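Written below as structure tokens is the structure these notes are about.
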Amino acid sequence: MLADRRAKIVATIGPSTRDENNLAKAIKAGMNVARLNFSHGTHEDHYKVIQSLRKLSKELNAPVTILQDLQGPKVRVGKIEGGKIEIKAGEKFTFTTAPVLGRQGLIPSDFKELPLACSPGTRILLDDGLMQVEVLQVRGEEVDVVVIDGGILKDRKGMNLPGVNLPVDPMTPKDLEDLEFGIENKVDYIALSFVRHARDIRKLREIIEARGSKAKIVAKIEMIEALENLEEICRLSDAVMVARGDLAVEVGQSRLPGFQKRIISVCNQLGRPVITATQMLESMIENPRPTRAEITDVANAVLDGSDALMLSAESASGKNPFKAIRTMHEIILEVERNEEEYYKISLESEFLSTPAAIAASASLSALKLNATAIVCLTSTGKTASIISSFRPKARIISVTQHHEVLNSMELNWGIQTHGIKAYKNMEDILSEVDRLLVTHGLSKTGDKVIITLGQPIAGGIKTNSLYVHTVGAESLTKLPDEQLPLRCQADPMID
């Protein structure tokens, strides 16, 4: 069943998946997190997707996290006559920041500060590094270059200046408008593109908190400066994304694997969920099956410690969006079935909060007692998130009465989210936990489970207690699939 998988799947929503029927298929295929890419689409498009996802989440009894990905100050070429132009090695041409239509020898850029950022010898990479030019001289609002690696340059393709400290703010006026839309529509996470410093995260946090939003922040690591400030950025963020597209262009493709491992390792150490993204199953945009190299890439990202893996064009505009999601699910499941590196519990850490100490104790108790599950009664999901960072082998089951909290936890490794009926005392809790575990096929009668909760129960106190429980419910059996939440059913058919 889908609930057996620990690492989560982030699927980008686009033309191939955005209507309601296709969103339902994406969830059934294994999507945990829906990424809305605000580099594309209108607010109306994204609003329809959000409404459909919230409706489907309740109908299928399958919480879904919504991740808003802000475009950021993406440096791009402008419009070109005929939509594209060929540039050849050794050829010279000029970039201009003037509002003109591109033609042979003259290509516009929407980056007004381009002349300020360049000097003779600066390398400019085009279209994710497929083409490369070198700056010869800067003249006012024009930059003369020579082509090193040529190709076909299309409208609005990206420009990267590796190693150059660009004089830009990570949030453009468009991003601020999009952010207001996201907050208004209660997205669960907001991804900030082209993060360079911890202050970028602080600025976004201030805006979110000033609006009274509970949205969490994903820092996208795709700049050299972000790598230089990695630990501080990770500490201030709620989650991190290894954005391998621009990152590879910035650091060089041969250095990317090392940086990917470093980012994941730092996030694991700090207990921050980390998403590995970009071109994971790229060939499935066109083909029904991935390459062997892609299968290995997905597997290694799981082995490295990723909390979630992301599909981009594969699910947004590809020919096989649901196959791509299900394929990723199957690869992850197989890796985890043979993976024994659970429990990353350090007994040397000084725990700064009661929930953190309870989380570590619950993980250690589950290990020593061979418990099948850790059940977290929560109102915010904080304790479950900390438990997730310890990578226990026992299932992590987060239960709450608040549906929006369930939605927000689908990004975290290993957390299974379930609603629970209102309870007043410990007897109510144990009865409901037994019913949930047995009827959903998550544990069986006689299994030991660890329960974390806040006491006194009636006071709505934050997590401060740990309870070891032996599952009862001898008279109950697992429900048939049609009565179970989607992710507790046998893997649903998607065709």
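Couple of notes before you dig in:
- When N160, N185 are screened for being closer than 15 Å to S109 by Cα, among the polar types (S, T, N, Q), out of contact with any Gly (no Cβ under 6 Å at 6 or more places or on another chain) and surrounded by 14 or more Cβ atoms within 10 Å (Cβ to Cβ), only N160 passes.
- Checking the stated criteria, T291 turns out to be hydroxyl-bearing (S, T, Y) and surrounded by fewer than 20 Cβ atoms within 10 Å (Cβ to Cβ).
- Residue under evaluation N425, criteria (1) closer than 15 Å to S465 by Cβ; (2) under 23 Å from the mean Cα position of the chain (by Cα); (3) among the polar types (S, T, N, Q), criterion not met: (2)
- The strands (runs of 3 or more DSSP E) found wholly in segment 79-118 and carrying at least 1 residues that are touching a Cys at 6+ places or on another chain (Cβ under 9 Å) occupy 92-96.
- For segment 245-261, the count of residues that are surrounded by 23 or more Cβ atoms within 10 Å (Cβ to Cβ), hydrophobic (A, V, I, L, M, F, W, C) and modelled with pLDDT of 95 or more is zero.
- S39 meets each of the listed conditions (1) outside any loop (DSSP other than H, G, I, E, B); (2) farther than 20 Å from M328 by Cα; (3) not charged (D, E, K, R) apart from (1).
- Every listed requirement among (1) small (G, A, S); (2) in contact with a strand residue (DSSP E or B) (Cβ under 7 Å, 6 or more places away or on another chain); (3) surrounded by fewer than 20 Cβ atoms within 10 Å (Cβ to Cβ) is met by A458 save one, (2).
- Qualifying residue in segment 200-210 (condition: outside any helix (DSSP H, G or I) and either touching a residue at least 12 places away in the same chain (Cβ under 8 Å) or more than 13 Å from A117 (Cα to Cα) (or both)): no
- Tally, over segment 453-484, of residues that are within 15 Å of L369 (Cα to Cα) and either assigned to a loop (DSSP other than H, G, I, E, B) or of a type in the set (V, I, T) (or both): 3
- The test for being modelled with pLDDT under 90, part of a loop (DSSP other than H, G, I, E, B) and either of a type outside the set (A, V, I, L, M) or over 32 Å from the mean Cα position of the chain (by Cα) (or both) holds for T380.
The values are calculated or read from the model by the stated rules, or taken from the named source; none is laboratory data. These numbers were taken from a predicted model, which means no experiment stands behind them. All Cβ positions, even for glycine, are placed from backbone atoms using ideal geometry, and neighbour counts span all protein chains on display.
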